[in-house]
Amino acid sequence: MQVQDIMSTNVKTVGPDDLVKDIAILMIMDHISGAPVVDDGNNLVGIISEKDILQHMFPKLDEVMSDTYFDFENMEHNYKDTMNVKIGELMTKEVASIDLDMPCLKAASTMWLKRFRRIPVTHKGKLVGIVSIGDVHRAIFKSCMSGD
């Protein structure tokens, strides 16, 4: 069984010039924790997650290491400013992806090693889908139960 047999092709995506508030709305309304970032040619250029957004509000390491006191409760007000930042400024640019014809268990192994729950599927650099560890589990379970 290959990734193309089990991947989801209905993937919510955003562009690097979209604002963080655009993905935040998607995250809350669609109950997702992130999305692939694609350019106008549907090339995978990054990934944006809740962690990327929230991390933008945190102080930098050198600031924390200084003697400065940080009011973390008050930092929540920075969230409003973060909403107007372009996704391209916060996204993770070094994105792991897998190819359509990768065996499912190799995809699961890749996700396990990288500690991902889902990973974009590309073909020649273009985003074609997404696969989750749950997709792999369901496919193997169905195959086992049907005797294939």
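The values are calculated or read from the model by the stated rules, or taken from the named source; none is laboratory data. Keep in mind that what you see is a predicted model, and the values were worked out from it rather than measured. Heads up, the Cβs are rebuilt from the backbone with ideal geometry, glycines too, and the neighbour counts pull from every protein chain shown.
Odds and ends about this structure:
- Scope the stretch 111-128; condition of a type outside the set (Lys, Arg), free of Cβ contacts under 8 Å to residues at least 60 places away in the same chain and farther than 21 Å from LYS142 by Cβ; matching residues: LEU113, PHE116, HIS123
- The numbered conditions (1) among the hydrophobic types (A, V, I, L, M, F, W, C); (2) over 25 Å from ALA139 (Cβ atoms); (3) modelled with pLDDT of 90 or more are all true for MET83 except (3).
- Tally of residues being within 26 Å of ASP17 (Cα to Cα), hydrophobic (A, V, I, L, M, F, W, C) and in a loop (DSSP other than H, G, I, E, B) across the stretch 88-146: 4
- Check on VAL11, among the β-branched types (Val, Ile, Thr) and surrounded by fewer than 19 Cβ atoms within 10 Å (Cβ to Cβ): yes
- Scanning the stretch 98-148 for residues that are surrounded by 19 or more Cβ atoms within 10 Å (Cβ to Cβ) and among the hydroxyl-bearing types (Ser, Thr, Tyr) gives a single hit, THR122.
- Residue tally, condition part of a loop (DSSP other than H, G, I, E, B) and in contact (Cβ under 8 Å) with a residue 24 or more places away in the chain, over the stretch 1-30: 9
- Under the condition of being within 30 Å of GLN2 (Cβ to Cβ) and without any contact (Cβ under 8 Å) to a residue 12 or more places away in the chain, the residues counted in the stretch 75-108 number 2.
- Scanning the stretch 34-66 for residues that are part of a loop (DSSP other than H, G, I, E, B), modelled with pLDDT under 95 and surrounded by 12 or more Cβ atoms within 10 Å (Cβ to Cβ) returns HIS56, MET57, PHE58, PRO59.
- Failed item, numbered, when TYR69 is tested on (1) of a type outside the set (D, E, K, R); (2) assigned to a helix (DSSP H, G or I); (3) at pLDDT below 90: (2)
- Residue count, the stretch 87-97 (criterion: under 21 Å from MET57 (Cα atoms) and surrounded by 14 or more Cβ atoms within 10 Å (Cβ to Cβ)): 5
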